[in-house]
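In what follows, a single structure is set out as structure tokens and then discussed.
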Amino acid sequence: MEEQADFPKEITRMSVDFDRWYTDVVRKAELADYSPVRGCMVIRPYGFAIWEAIQRAFDDMIKSSGHENWYFPLLIPEDVIMREAEHIEGFTPEVAWVTEAGSHGKLDQRLAIRPTSETIVGTVMRKYIQSWRDLPQLTNQWCNVIRWELRTRLFLRTAEFLWQEGHTFHASADEARAEVDLILDYYRQIAEDWLALPVLTGTKSRAETFAGAEYSKSIEAMMRDGYALQAGTSHYLGQNFSRAYEIAFTNRENVRELCHTTSWGISTRMVGGVIMGHGDDRGLILPPKVAPIQVVVVPIYRDDESRARVDAFIETWEAGVRGMGVRLHVDRRDDRPGDKFNHWELKGVPLRLEVGPRDVEARQVTLSDRLHPGRDEKRTLPAMALAEDLPHELARFQRELLQRARDFMAENTFEVQTLAELVEHFKTRNGFVWAPWCGDPACEARVTEETRGVTTRNFDLDAAAEGACLVDGKPAKHRVAFARPY
């Protein structure tokens, strides 16, 4: 077998420049690229396939609990979106407006390109909600949104991005609050069970709460540079939007009352989370559950005769492996094996099978995985058992990748008691740092100012806080996680 090739020369090493490494990987691994529209990206098939896997998994979850997919308009009339003042104030800097329409000239009323859809969904859904019998209404849509953003980073922050946004309507506050927690746990499952990204789940501070919500909850993942990525949010809106948009129903006592509502969303930034949460100096490392290609086969031969033998051998087991649901690709390009190794390592394919003439004679393949790319880590598997063995190898890889991320999070999670300790910590390293906090926004703002950008990520409402606030020394109300955010 050919020796392992050097690190790919086309990407910056993560350990040298994390930001540049990220952009190099996204582009060179053919996930996405820049577009002619400033602030917007092109998602290429390899990157879109990862998003499709996330879509399918989450769509199955919400449909199992009675949610239905709708589609609502991209354009929202100004008088509609302005009815919820606090909400639109939170989005004003990001809203893009349509003011003219071709030969029709200037519009009578501006149309907002949706930054999110609470306002239009509420306006529409009130027609379908008249009585308690019409509740709950559990809606979701898969769509794009525009939030005018010019400081872009592919997948993580772009003016246009893809997401799902759920909007639900309930007869009681308890039912709506339960919905918030249900969806938050679905997001946790997507992150941990599918993307192998361990997350902190909890409640956001008032300053970090979604505009117009009573409270917001999130999942927070740690990237390989120690920064936090808010990977999904679930919001309890109370009756705020129902009051603004007159979404009311007649209850069982024949009394009119306002609905309790929620909204929640995950976006293509989850793809960015997979990249930054697992990658290394060689490029991507993809969880098998969402990898577009789970197993790549690299034939190795020296002449036409050995090529024919190797190809014929692969054909004896290829269909059986595919029949087990394994997403397998045979790389029959004429490139050097070492170049192929680099190519598929950059693209993060979990398992690689090398097949040369000696393997054909022994009726075996040589297996290496993306977590252990060194020559000493290679193993052989009998060809006749590949259809059974490879699903087990992929499941093992998924478990090991999650454990690797959990270990990294544990190694980079800390506890402090004072602001001075917190400031000193973030001078030299990142990670999650837990500290007691009184809940005062002024203390939160002071932390962000003195640490130059560190923010609260979330806290557990059910966890008792001990000690004094790290800033003002008052009794702590929360034990909160601080981190530098993306």
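Let's see how each residue does on (1) crowded, with 21+ Cβ neighbours inside 10 Å; (2) over 27 Å from Asp19 (Cα atoms):
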{"residue": "Gly166", "(1), (2)": "yes, yes"}
{"residue": "Phe169", "(1), (2)": "yes, yes"}
{"residue": "Gln189", "(1), (2)": "no, yes"}
{"residue": "Thr201", "(1), (2)": "no, no"}
{"residue": "Tyr227", "(1), (2)": "no, no"}
{"residue": "Gly232", "(1), (2)": "yes, no"}
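So, restricting to strands (runs of 3 or more DSSP E) that lie completely within the range 283-398, which ones have at least 1 residues that are over 33 Å from the mean Cα position of the chain (by Cα)? Can you show your working first?
Working: elements: 295-299, 328-330, 351-355, 364-369, 379-382.
By residue number, 295-299, 351-355, 364-369, 379-382.
Here is a yes/no grid of residues against (1) within 20 Å of the chain's Cα centre (by Cα); (2) closer than 21 Å to Asp134 by Cα:
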{"residue": "Leu197", "(1), (2)": "yes, no"}
{"residue": "Tyr215", "(1), (2)": "no, no"}
{"residue": "Met223", "(1), (2)": "yes, no"}
{"residue": "Leu229", "(1), (2)": "yes, no"}
{"residue": "Glu246", "(1), (2)": "no, yes"}
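Looking only at the range 85-108, filter to residues that are among the β-branched types (Val, Ile, Thr) and assigned to a helix (DSSP H, G or I); which one of those is nearest to Thr158 (Cα to Cα)? Quick ask: steps written out before the conclusion?
Taking the range 85-108 and keeping what is among the β-branched types (Val, Ile, Thr), we get 88, 92, 95, 98-99.
Of the ones still in play, those that are also assigned to a helix (DSSP H, G or I) are 88, 92.
Numbers: Ile88: 20, Thr92: 17 Å.
Among those residues, the one meeting the criterion is Thr92.
Using the structure shown, decide if Phe426 is outside the structural domain of Glu305 (by TED's automatic domain parsing), in contact with a Lys or Arg (Cβ under 8 Å, 6 or more places away or on another chain), modelled with pLDDT of 95 or more and more than 26 Å from Arg188 (Cβ to Cβ).
Considered against the rule, which asks whether it is outside the structural domain of Glu305 (by TED's automatic domain parsing), in contact with a Lys or Arg (Cβ under 8 Å, 6 or more places away or on another chain), modelled with pLDDT of 95 or more and more than 26 Å from Arg188 (Cβ to Cβ), Phe426 comes out as yes.
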Problem - Scan of the range 121-154 for residues that are touching a helix residue (DSSP H, G or I) at 6+ places or on another chain (Cβ under 9 Å), farther than 21 Å from Glu165 by Cβ and outside any loop (DSSP other than H, G, I, E, B), ordered by number - result: Arg153
Practice task
Look at the range 12-57 and say how many of its residues are in a loop (DSSP other than H, G, I, E, B), in the same structural domain as Glu192 (by TED's automatic domain parsing) and of a type in the set (Lys, Arg).
Solution key: 2
Practice task
Restricting attention to the range 24-48, report how many residues are closer than 18 Å to Asn144 by Cα and touching a strand residue (DSSP E or B) at 6+ places or on another chain (Cβ under 7 Å).
Solution key: 10
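Regarding Gly348, is this residue of a type in the set (Gly, Ala, Ser), more than 19 Å from Arg363 (Cα to Cα) and not assigned by TED's automatic domain parsing to the domain that holds Asp24? Before you say what the answer is, go through the steps one by one.
Details: of a type in the set (Gly, Ala, Ser): yes; more than 19 Å from Arg363 (Cα to Cα): yes; not assigned by TED's automatic domain parsing to the domain that holds Asp24: yes.
So Gly348 passes the test.
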Exercise for the section: Would you check if Phe397 is surrounded by fewer than 18 Cβ atoms within 10 Å (Cβ to Cβ), of a type in the set (Phe, Trp, Tyr) and under 24 Å from Asp225 (Cα atoms)? Expected result: no
Problem - Qualifying positions in the range 13-50 - charged (D, E, K, R) and surrounded by 16 or more Cβ atoms within 10 Å (Cβ to Cβ) - result: Asp24, Arg27, Lys28
Problem - Top-ranked residue of the range 368-407 - restricted to ones that are among the acidic types (Asp, Glu) and in contact (Cβ under 8 Å) with a residue 40 or more places away in the chain, ranked as nearest to Val290 (Cα to Cα) - result: Glu393
Problem - Search result, residues across the range 208-223 that are at pLDDT 95 or above and surrounded by fewer than 20 Cβ atoms within 10 Å (Cβ to Cβ) - result: Glu208, Thr209, Glu214, Tyr215
Problem - Positions within the range 459-482 being at pLDDT below 95 and within 22 Å of the chain's Cα centre (by Cα), in sequence order - result: Phe459, Asp460
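The values are calculated or read from the model by the stated rules, or taken from the named source; none is laboratory data. Note that the structure is a prediction, hence the values are computed from the model and not measured. All Cβ positions, glycine included, derive from the backbone under ideal geometry; neighbour counts span all protein chains shown.
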